[in-house]
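Visitor: Please read through the structure below; I'll follow up with questions.
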Amino acid sequence: MGATIIVDAFWGDAGKGKFCAFLSKELNASLSVRAGTGTNAGHSVYVNDTFVKTRTLPLGWLNPTTNALISSGVAVNPDIFLEEVIKYGVSHRVFVDRNCPIIESKHIAIEQADQTMCNIDSTKSGSGSARADYIMRRGKRAQDISSLKEYIVDGITLINTEATLRSVVIEGSQATFLSLYASDRYPYVTSDNCTTNAFLDDTSLSWNLLERVVLLIKCLPTCVGNGFLPYEMSEEEIRSRGLIEYGVNTGRFKRRSKKIDWERLAFSVMINGPTEIALTFCDQYDQKISSARKKHEVTSSLRSLIDEVEERTNVTVKYLSTGKDLHDIIVLH
Ligand code: IMP
Ligand code: MG
């Protein structure tokens, strides 16, 4: 019973979708819920050899008994939503909150033509512009769109009811340091906060139904787009060490830190209140752990990192993600 929130400690792309799918199965969740700003995020995972990627649906639907909800704080692009629903054949178990802001083609066009959005290297998904119209009380809501009719629900009552009776997993999007108000890198941020509190707000889940907060820490953090990144690795080093990654959604080359910034991690822990930590992309930190699934396979270098993270945060590292497959996870406790 109760809800689990998945939140990224740094700049994104740490594997929130994978953990939403994993925890939905592990907890036998009745509902997985997408929180966050809109379609700017791309969440993906490999299931055996199949690549699964969504921009709107939380990946909890990969568990056949878990339904999916887009919560009210998330901007919805109806075309993208319907495409994903059809592609993955899940129309009988996905829902859209009636109040979600709607992204129209004009919102994408506005962002594409906007100099500031170009300067900050926005994904130009229209999410920010749609949210701005909504705030000005002239935006469309999901309930106004006829093609979404069969999916529309009162998601706020749904999530609060489900979390009272069963397990719910909330897949946040973006990341703590992409937060609009909470980050230190404005204007190189997204169009809302992306923290535990923000995801509670997106879903209107009552705080006392929140059971767990899983903070994802990418061992060698990455970021796409402009803005300050501490301990930045040179592109040459990224390439020579085989640490190249491209954005799932936009195909952009990912910048990378040489190490975890402990000061920013402390800030992230302070505001997100994690009950546990997942260290992700561990195989990039130590290739010897690639695709390991058993506790005894933890290498000494990773053990040292786990110890340091626990010592500095006072939070238990419960999970290690060791590869691209959904099942490449070590449960430590
Ligand atoms: P926007 O929210 O699309 O306007 O993008 C603003 C900034 O946040 C840009 O630097 C994007 O690269 C970054 N950003 C937005 N969504 C994500 C995400 O899901 N992962 C990583 N970076 C993101
Ligand atoms: Mg919000």
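Visitor: Taking the stretch 315-329 on its own, how many of its residues are among the β-branched types (Val, Ile, Thr) and within 21 Å of residue 51 (Cα to Cα)?
Guide: Qualifying residue count for the region: 2.
Visitor: For residues in the stretch 63-87 being free of Cβ contacts under 8 Å to residues at least 40 places away in the same chain and touching a helix residue (DSSP H, G or I) at 6+ places or on another chain (Cβ under 7 Å), which is farthest from residue 250 (Cα to Cα)?
Guide: So, considering only residues that are free of Cβ contacts under 8 Å to residues at least 40 places away in the same chain and touching a helix residue (DSSP H, G or I) at 6+ places or on another chain (Cβ under 7 Å), the one farthest from residue 250 (Cα to Cα) is 67.
Visitor: Please indicate, with yes or no, whether at least one residue in the stretch 61-70 is under 14 Å from the mean Cα position of the chain (by Cα) and away from ligand 2 (no atom under 15 Å from the Cβ).
Guide: No, the stretch 61-70 contains no residue that is under 14 Å from the mean Cα position of the chain (by Cα) and away from ligand 2 (no atom under 15 Å from the Cβ).
Visitor: Further question: Restricting to the stretch 278-313, and then to whatever is closer than 20 Å to residue 266 by Cα and β-branched (Val, Ile, Thr), can you tell me which residue is surrounded by the most Cβ atoms within 10 Å (Cβ to Cβ)?
Guide: 280
Visitor: Tell me yes or no: at least one residue of the stretch 20-42 is touching a Phe, Trp or Tyr at 6+ places or on another chain (Cβ under 6 Å), open to solvent by less than 10 Å² (accessible area, probe 1.4 Å) and over 15 Å from residue 319 (Cα atoms).
Guide: Yes; the residues of the stretch 20-42 include at least one that is touching a Phe, Trp or Tyr at 6+ places or on another chain (Cβ under 6 Å), open to solvent by less than 10 Å² (accessible area, probe 1.4 Å) and over 15 Å from residue 319 (Cα atoms).
Visitor: So which helices (runs of 4 or more DSSP H) are wholly in the stretch 145-259 and hold at least 1 residues that are of a type in the set (Ser, Thr, Tyr) and open to solvent by 20 Å² or more (accessible area, probe 1.4 Å)?
Guide: Values: elements: 155-165, 196-203, 235-240.
Correct list: 155-165, 235-240.
Visitor: Please verify whether residue 259 is touching a Leu at 6+ places or on another chain (Cβ under 9 Å) and more than 16 Å from ligand 1 (Cβ to nearest atom), treating the condition exactly as stated. Lay out the reasoning, then the answer.
Guide: Numbers: touching a Leu at 6+ places or on another chain (Cβ under 9 Å): yes; more than 16 Å from ligand 1 (Cβ to nearest atom): yes.
So residue 259 fits the description; yes.
Visitor: A follow-up question, please. Within the stretch 1-15, take every residue that is within 9 Å of the chain's Cα centre (by Cα) and open to solvent by 10 Å² or more (accessible area, probe 1.4 Å) and give me the one that is farthest from ligand 2 (Cβ to nearest atom).
Guide: Filtering the stretch 1-15 for residues that are within 9 Å of the chain's Cα centre (by Cα) and open to solvent by 10 Å² or more (accessible area, probe 1.4 Å), the one farthest from ligand 2 (Cβ to nearest atom) comes out as 15.
Visitor: Could you look through the stretch 219-240, keep only residues that are under 26 Å from residue 117 (Cβ atoms) and among the acidic types (Asp, Glu), and pick out the one that is nearest to ligand 1 (Cβ to nearest atom)?
Guide: 232
The values are calculated or read from the model by the stated rules, or taken from the named source; none is laboratory data. What you see is a predicted model; the values in this text were computed from it and never measured. Heads up, the Cβs are rebuilt from the backbone with ideal geometry, glycines too, and the neighbour counts pull from every protein chain shown. Side chains included, ligands, DNA and RNA excluded: accessible areas come from the protein's heavy atoms. Shrake-Rupley method; radii C 1.70, N 1.55, O 1.52, S 1.80 Å.
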